[in-house]
Amino acid sequence: MSCCKSVPVHDDELEMSMSEISATEDNDVSGYKRITEAGELVRFAFGEMIGAAQDVNSQFRTEMQDVIVIDDAFGPDGLPSEIAAEFLPRVLAQEVGQRDPKDIFQDAFLASDTVFENEGILYHGTTAMCVMLEKYGSTMLLHLGSVGDSRAVLSSRGRAIDLAPVHTPASEDEVTRIQREGGFLARGKVNGMVAVTRSLGDLVMKSIIISDPFTRTEVLTADNDCIVIACDGVWDVIHPQSAIDTCIRSPDAKSAAQAILKAALELGSTDNLSVICVKLT
């Protein structure tokens, strides 16, 4: 199960729309259905979150902040991703604009492990791709933190730019780190069990599958049209450039996310599917 969540805190000067779409097992608001290769019924539902409001905490926070999160869990009933999707946006939204984004992501991701431990979740985990948008004066900043194999793609003059590496056994640096810590690869998975090399949770393998995120900050300009954030089930069958092209030609973020998800289903993806599209202009 994958989970996506956005927490917008906008001011009136920012023109932005966001749309979240997830493939789920119990929602069928659109009527679109297909049978997966495993014979399981998959339905997709779309949700939209678009906001424009003055910051109610203006005496403490004078600029615009926005937090966008996508998680892809490997655990019972998607519980790890649900916990992360609730915890991370709340923590990040409180911190963005207050201190170094790298420290914010690092502390929030590591704190997630404590939340999982308190919930008794020791053997399961989730990937996380988090994007924070901060308007500082006339400058728009994009801050990113990620673990796992979800991806965020930014459009720059229509060209797709991958914003973060994926943490999988395909990375030589990650494999070297895992082996240095006493881990191994079997059947293309860490210790033969987990398909990613970094995640939130997976506490019994924490010395090997770490929660330290990749972080990045980008200054956004008029050349940046949109962002597409999705879990690996989307990227398995859709090229980043194709996703960006779809987002650009779509009239709004909602229809863009819907089109990308529908394309992933029609191309045969049977993995978890979550998409967030952000129109920056």
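Relative contact order for the stretch 164-281: what percent, with Cα pairs under 8 Å and sequence separation of 6 or more?
23 percent
Where does the charge balance sit around GLY145 when Lys and Arg score +1, Asp and Glu -1, over other residues with C-beta under 9 Å from its C-beta? Please list the in-between numbers first.
Details: positive: LYS102, ARG216; negative: none.
The answer is +2.
Of THR176, VAL147, ILE227, which is farthest towards the positive pole of the stretch 146-249's charge dipole, taken about the Cα centre with +1 and -1 on the beta-carbons of Lys, Arg and Asp, Glu respectively?
Of the listed residues, the answer is THR176.
Expected output is a single nm value to one decimal: the length gained when fully extending between LEU110 and SER207, i.e. 0.36 nm times separation in residues minus the C-alpha distance. What is it? Write out the running numbers ahead of the final one.
On the way: separation 97, 0.36 × 97 = 34.92 nm, distance 1.26 nm.
Answer, rounded to one decimal: 33.7 nm.
So, R0 is 35 Å and r is the distance between the beta-carbons of ALA170 and TYR136; what FRET efficiency does that work out to, to 0.05?
Efficiency at R0 = 35 Å is approximately 0.45.
Please give the residues of the stretch 138-160, grouped as numeric ranges, whose backbone N is less than 11 Å from a label point set 7 Å along the Cα-to-Cβ vector of ILE248.
155-160
Please figure out what share of the DSSP beta bridges in the stretch 158-281 is antiparallel and state it in percent, rounded to the nearest 5. Intermediate results must be reported in sequence, preceding the final value.
On the way: 8 of 9 bridges.
Restricted to the stretch 158-281, the bridges split so that about 90 percent are antiparallel.
So how many Lys-Lys pairs in the stretch 124-281 land under 17 Å Cα to Cα, not counting same-chain pairs under 8 apart?
Working: LYS135/LYS279; LYS189/LYS206; LYS254/LYS262; LYS254/LYS279.
Lysine pairs, 8 or more places apart or on different chains, close enough: 4.
Rounded if a/c is under 1.5, else prolate if a/b beats b/c, else oblate: with a ≥ b ≥ c from the C-alpha gyration tensor eigenvalues square-rooted, which is the stretch 111-178?
Details: a/c = 2.96, a/b = 1.44, b/c = 2.06.
The shape class here is oblate.
For the stretch 89-131, what Kirkwood radius comes out of the mean inverse Cα-Cα distance, in Å? All intermediate terms of the calculation are to be shown ahead of the outcome.
Values: mean 1/r = 0.0882 Å⁻¹.
The answer is 11.3 Å.
Report, in whole Å, the centroid distance computed from the Cα atoms of the stretch 128-146 and the stretch 208-236.
About 10 Å separates the Cα centre of the stretch 128-146 from the one of the stretch 208-236.
Step through the residues of the stretch 178-192 one at a time and calculate ³J(HN,Hα) from phi using the Karplus curve (6.51 cos²θ - 1.76 cosθ + 1.60, θ = phi - 60°), rounding each to whole Hz and writing x for Gly and Pro.
4, 5, 5, 8, x, x, 8, 10, 8, 6, x, 10, 5, 6, x
Only the coordinates and a few stated rules stand behind these numbers; no lab work does. Values in this document were obtained by computation on a predicted structure and should not be read as measured data. Note that each Cβ is placed from the backbone with ideal geometry, even for glycine, and that neighbours are counted across all protein chains shown.
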